[in-house]
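Chemist: The structure's right below; bear with me while I get my questions together.
The values are calculated or read from the model by the stated rules, or taken from the named source; none is laboratory data. Because the structure is a prediction, the values reported are computed rather than measured. In this analysis, Cβ positions are derived from the backbone assuming ideal geometry, glycine residues included, and neighbour counts consider all displayed protein chains.
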Amino acid sequence: MTGVQTCALPISNDRLLINSRPDFPPEPLARRRPTFQFPKTLLQPAFRWLARQKDQGRLHGIPLRKQIVICGFPRSGTTLLQLLIESCIKDIGSFGKERRALEIAACGPRTHATILTKRPKDVFLIPEIADWHQLNGSRVCFLLMHRDPRSVLTSKHFSAPSQYYLSCHDWLHFYQHWNWSRSRADVLPVSYEMLVSSPQTIQARTCQFAALDTASSFDDYLAHVPRDFDLRALNGLRPTETSRINAWNSAEHSARLTQIHNELPQLAAILADMGYSPDQVAA
């Protein structure tokens with residue numbers, strides 16, 4: 001999903017209102033199915049059986065009662081939100097890196113009644129994750145991240161720092177599934193801009209929505225960062241701050257912004273729909 005890519009796919013007005021589930025993206029983007037890993041893949045049936053027995057009280061252990069799933073747009077603050085929750089929320093099982101929600105729910109260790117997973121691409125699997133929890137008798141709460149599309153589309157990643165991370169074509173797939181999912185009762189939409197400008201507000205909303213208990217304030221997360229957390233996607237630790245909110249609007253990205261505006265002719269309508277000012281769209 002790295003590389004400078006182009007999007008020849010126009011967006012029509014009816015894409016802003018999606019009543020039926022959007023099609024799945026191509027598998028290289030969605031990655032719905034985990035790749036084979038030896039011996040992990042071979043052992044998963046046993047792990048799944050053990051987890052199921054614990055959830056049903058047939059074996060000694062802590063049954064899974066609730067899963068918090070962070071998903072949404074890539075480069076929208078999903079890792080930051082994961083870090084804040086892992087650092088500042090009580091009694092939550094976490095993994096310090098990106099993990100598949102369904103895989104952890106079905107096969108993961110039962111160390112806490114509440115677990116947290118983060119993977120932006122789980123936005124494509126929200127119904128499947130919700131169905132699994134309904135059958136299991138547990139609860140799932142989705143924290144659905146979004147960010148100004150211009151920020152997402154001008155963002156780069158440590159794995160390929162010279163390339164833009166997401167193409168317009170791939171971004172559109174995320175937008176369609178985000179748009180279709182954001183009004184669900186089990187979804188709390190969270191914006192990157194609010195997360196960095198008012199982290200305490202997001203903490204209060206998250207705790208109320210998912211019935212979580214605070215151990216410390218999101219504002220003080222730096223004092224409580226787990227030692228094993230994978231910080232690479234964050235490019236280091238720093239206090240939450242707002243300097244990156246309008247970083248897209250710089251000379252460095254002028255050619256990229258022109259490309260985005262040309263390839264997404266309905267960008268102004270999408271920005272307004274998402275709550276961002278379309279007046280700043282580059283021509």
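Chemist: Cβ contacts < 8 Å: first residue without any contact (Cβ under 8 Å) to a residue 60 or more places away in the chain and under 30 Å from residue 200 (Cα atoms), restricted to the stretch 240-269; second residue of a type in the set (A, V, I, L, M, F, W, C) and in a helix (DSSP H, G or I), any location; separation 6+ or different chain. Result?
Modeler: These pairs meet every condition: 241/196; 242/196.
Chemist: Further question on the same structure: Scanning the stretch 214-260 for residues that are among the aromatic types (Phe, Trp, Tyr) and in a helix (DSSP H, G or I), which turns out surrounded by the most Cβ atoms within 10 Å (Cβ to Cβ)? Give the steps one after another, and end with the answer.
Modeler: Kept after step one, since they are among the aromatic types (Phe, Trp, Tyr), are these residues of the stretch 214-260: 218, 221, 229, 248.
The next check asks that each one be in a helix (DSSP H, G or I); those that pass are 218, 221.
Values: 218: 24, 221: 21.
Checked the stretch 214-260; the qualifying residue surrounded by the most Cβ atoms within 10 Å (Cβ to Cβ) is 218.
Chemist: What number of residues in the stretch 190-201 are within 17 Å of residue 274 (Cβ to Cβ) and outside any strand (DSSP E or B)? First the steps, then the outcome.
Modeler: Step one: filter the stretch 190-201 for residues within 17 Å of residue 274 (Cβ to Cβ), giving 190-197.
Then drop every residue that is not outside any strand (DSSP E or B), which leaves 192-197.
Residues meeting the conditions: 6.
Chemist: Return yes or no: is residue 64 farther than 23 Å from residue 194 by Cα, touching a strand residue (DSSP E or B) at 6+ places or on another chain (Cβ under 9 Å) and touching a residue at least 60 places away in the same chain (Cβ under 8 Å)?
Modeler: On the way: farther than 23 Å from residue 194 by Cα: yes; touching a strand residue (DSSP E or B) at 6+ places or on another chain (Cβ under 9 Å): yes; touching a residue at least 60 places away in the same chain (Cβ under 8 Å): yes.
It is true that residue 64 is farther than 23 Å from residue 194 by Cα, touching a strand residue (DSSP E or B) at 6+ places or on another chain (Cβ under 9 Å) and touching a residue at least 60 places away in the same chain (Cβ under 8 Å).
Chemist: Taking the residues in the stretch 132-152 that are more than 27 Å from residue 64 (Cβ to Cβ) and in contact with a strand residue (DSSP E or B) (Cβ under 7 Å, 6 or more places away or on another chain) as candidates, determine which candidate is surrounded by the most Cβ atoms within 10 Å (Cβ to Cβ). I'd like the intermediate steps shown before the answer.
Modeler: Let us first name the residues in the stretch 132-152 that are more than 27 Å from residue 64 (Cβ to Cβ), namely 146-152.
Of the ones still in play, those that are also in contact with a strand residue (DSSP E or B) (Cβ under 7 Å, 6 or more places away or on another chain) are 146-147.
Working: 146: 24, 147: 27.
Going through the qualifying residues, I end up with 147.
Chemist: Among the residues of the stretch 222-242 satisfying the criterion of being over 18 Å from the mean Cα position of the chain (by Cα) and under 17 Å from residue 97 (Cβ atoms), which is modelled with the lowest pLDDT?
Modeler: Across the stretch 222-242, the extreme among qualifying residues is 236.
Chemist: Out of 104, 115, 62, report the one residue that is buried (at least 22 other Cβ atoms within 10 Å of the Cβ) and either in contact with a Ser or Thr (Cβ under 8 Å, 6 or more places away or on another chain) or farther than 20 Å from residue 184 by Cα (or both). Can you show your working first?
Modeler: Details: 104 fails: buried (at least 22 other Cβ atoms within 10 Å of the Cβ); 62 fails: buried (at least 22 other Cβ atoms within 10 Å of the Cβ).
Answer to the selection: 115.
Chemist: If you don't mind, another one. From 44, 37, which residue is outside any loop (DSSP other than H, G, I, E, B) and either without any contact (Cβ under 8 Å) to a residue 24 or more places away in the chain or farther than 17 Å from residue 95 by Cα (or both)?
Modeler: Sole residue among the options that is outside any loop (DSSP other than H, G, I, E, B) and either without any contact (Cβ under 8 Å) to a residue 24 or more places away in the chain or farther than 17 Å from residue 95 by Cα (or both): 44.
Chemist: Take the stretch 82-99 and flag every residue that is charged (D, E, K, R) and buried (at least 21 other Cβ atoms within 10 Å of the Cβ).
Modeler: Filtering the stretch 82-99 for residues charged (D, E, K, R) gives 86, 90-91, 97-99.
Matches in the stretch 82-99: 86 only.
Chemist: Here's something else I'd like to know. Just to check your reading of the model, which residue among 210, 204 is out of contact with any Ser or Thr (no Cβ under 7 Å at 6 or more places or on another chain) and either farther than 27 Å from residue 128 by Cα or charged (D, E, K, R) (or both)? Reasoning before the result, please.
Modeler: Values: 210 fails: either farther than 27 Å from residue 128 by Cα or charged (D, E, K, R) (or both).
Among 210, 204, only 204 is out of contact with any Ser or Thr (no Cβ under 7 Å at 6 or more places or on another chain) and either farther than 27 Å from residue 128 by Cα or charged (D, E, K, R) (or both).
Chemist: Across the stretch 80-109, what is the number of residues that are closer than 17 Å to residue 209 by Cα and not hydrophobic (A, V, I, L, M, F, W, C)? First the steps, then the outcome.
Modeler: First pass over the stretch 80-109, keeping only residues closer than 17 Å to residue 209 by Cα: 81-82, 84-86, 88-92.
Narrowing further to those that are not hydrophobic (A, V, I, L, M, F, W, C): 82, 86, 90-91.
Here the count works out to 4.
Chemist: Test residue 160 against the criterion of being within 14 Å of the chain's Cα centre (by Cα), within 30 Å of residue 22 (Cα to Cα), surrounded by fewer than 22 Cβ atoms within 10 Å (Cβ to Cβ) and among the small types (Gly, Ala, Ser), and give yes or no.
Modeler: When the stated conditions are applied, residue 160 does not pass them.
Chemist: Can you give me the number of residues within the stretch 244-261 that are within 21 Å of residue 161 (Cβ to Cβ) and in contact with a helix residue (DSSP H, G or I) (Cβ under 9 Å, 6 or more places away or on another chain)? First the steps, then the outcome.
Modeler: Narrowing the stretch 244-261 to residues within 21 Å of residue 161 (Cβ to Cβ): 244-257, 259-260.
Right, trim to in contact with a helix residue (DSSP H, G or I) (Cβ under 9 Å, 6 or more places away or on another chain) and you get 244-249, 253, 256-257, 259-260.
Matching residues across the stretch 244-261 total 11.
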